[in-house]
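For reference, the structure is listed below as structure tokens.
The values are calculated or read from the model by the stated rules, or taken from the named source; none is laboratory data. Quick caveat: nothing in here was measured; it's all calculated off a predicted structure. So basically every Cβ, Gly included, is an ideal-geometry build from the backbone, and we count neighbours across all protein chains shown.
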Amino acid sequence: MSAAGYIKGQITKAANALRTKKSGFDASILERFDPTEDPGECLHLLHDRKSTLINTSASLRKSLVTLKEKWGLAENFAHENPESDSSLPLLEEFQTHWEDTGLDQLVDETEELITKLETALMLLPSSDSTSTTFHYTIPHTIVSFCQKGK
């Protein structure tokens, strides 16, 4: 296999890993957090939701960074191996591969999903460390959930 073929294979491998992670996440974690009546259960559910959002976002971000690193290596390789007339046919080959495999769209969709995950995390209620009351903080508005005694 040529070096260019190997590099394209590495880009494809990173893209497939990202696609798998992107398609395999549980979309329900983006839904509004609905606290239960039981404060203890509410704490547990909130912790689980936060953990899932953080871990999913981090995993997607890591795979996205890996894909971008593979692209950077491809660009460097192309610039280090120009044709005798200083043209960069390898870069054109890599760009064609990137476009043919829809990687601009994959990157855009993944960045949008990461933003949604981070937004969902910010919108989760924060817990008051001295009680089991949760608050959704919306600019100038606080709505309490999981009240003590319910």
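If I ask for residues that are buried (at least 17 other Cβ atoms within 10 Å of the Cβ) and either modelled with pLDDT under 90 or closer than 18 Å to D108 by Cβ (or both), which ones from the stretch 1-20 would you list?
Answer for the stretch 1-20, where residues must be buried (at least 17 other Cβ atoms within 10 Å of the Cβ) and either modelled with pLDDT under 90 or closer than 18 Å to D108 by Cβ (or both): I11, A14, A15, L18, R19.
Can F94 be described as surrounded by 14 or more Cβ atoms within 10 Å (Cβ to Cβ) and part of a helix (DSSP H, G or I)?
yes
So the check is Cβ under 6 Å with 6+ separation or different chains; which pairs have a first residue in the stretch 1-27 that's touching a residue at least 40 places away in the same chain (Cβ under 8 Å) and a second one that's basic (K, R)?
Q10/K70; I11/K70; A14/K70
Evaluate the following for I29: is it at pLDDT below 95, within 20 Å of M122 (Cα to Cα) and β-branched (V, I, T)?
Values: at pLDDT below 95: yes; within 20 Å of M122 (Cα to Cα): yes; β-branched (V, I, T): yes.
So I29 fits the description; yes.
Residue-by-condition table, conditions (1) under 23 Å from the mean Cα position of the chain (by Cα); (2) among the small types (G, A, S):
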position: A27; (1), (2): yes, yes
position: C42; (1), (2): no, no
position: R49; (1), (2): yes, no
position: L67; (1), (2): yes, no
position: S86; (1), (2): no, yes
position: E93; (1), (2): no, no
position: E99; (1), (2): yes, no
position: G102; (1), (2): yes, yes
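Would the stretch 111-118 turn up any residue that is hydrophobic (A, V, I, L, M, F, W, C), in contact (Cβ under 8 Å) with a residue 60 or more places away in the chain and either part of a helix (DSSP H, G or I) or within 20 Å of A3 (Cβ to Cβ) (or both)?
yes
Anything in the stretch 1-31 that is touching a Leu at 6+ places or on another chain (Cβ under 8 Å) and not in a helix (DSSP H, G or I)? List them, or say none.
Once the filter is applied, which keeps residues that are touching a Leu at 6+ places or on another chain (Cβ under 8 Å) and not in a helix (DSSP H, G or I), the stretch 1-31 yields only F25.
May I ask you to say which residue of I54, I29, I11 is in contact with a Ser or Thr (Cβ under 6 Å, 6 or more places away or on another chain) and on the phi < 0 side of the Ramachandran plot?
I29
Take the residues in the stretch 70-91 that are assigned to a helix (DSSP H, G or I) and among the small types (G, A, S), then tell me which one is farthest from S2 (Cα to Cα).
The extreme case among them is G72.
Only one residue in I11, I54 is of a type in the set (V, I, T) and within 30 Å of P125 (Cα to Cα), so which one is that?
Going through I11, I54 in turn, just one is of a type in the set (V, I, T) and within 30 Å of P125 (Cα to Cα): I54.
Would you pick out the residues in the stretch 32-55 that are in a helix (DSSP H, G or I) and in contact with a Lys or Arg (Cβ under 8 Å, 6 or more places away or on another chain)?
P39, the sole residue that qualifies.
Looking at L67, L60, which one is in contact with a Phe, Trp or Tyr (Cβ under 8 Å, 6 or more places away or on another chain), at pLDDT 95 or above, in a helix (DSSP H, G or I) and under 18 Å from D108 (Cβ atoms)?
Answer to the selection: L60.
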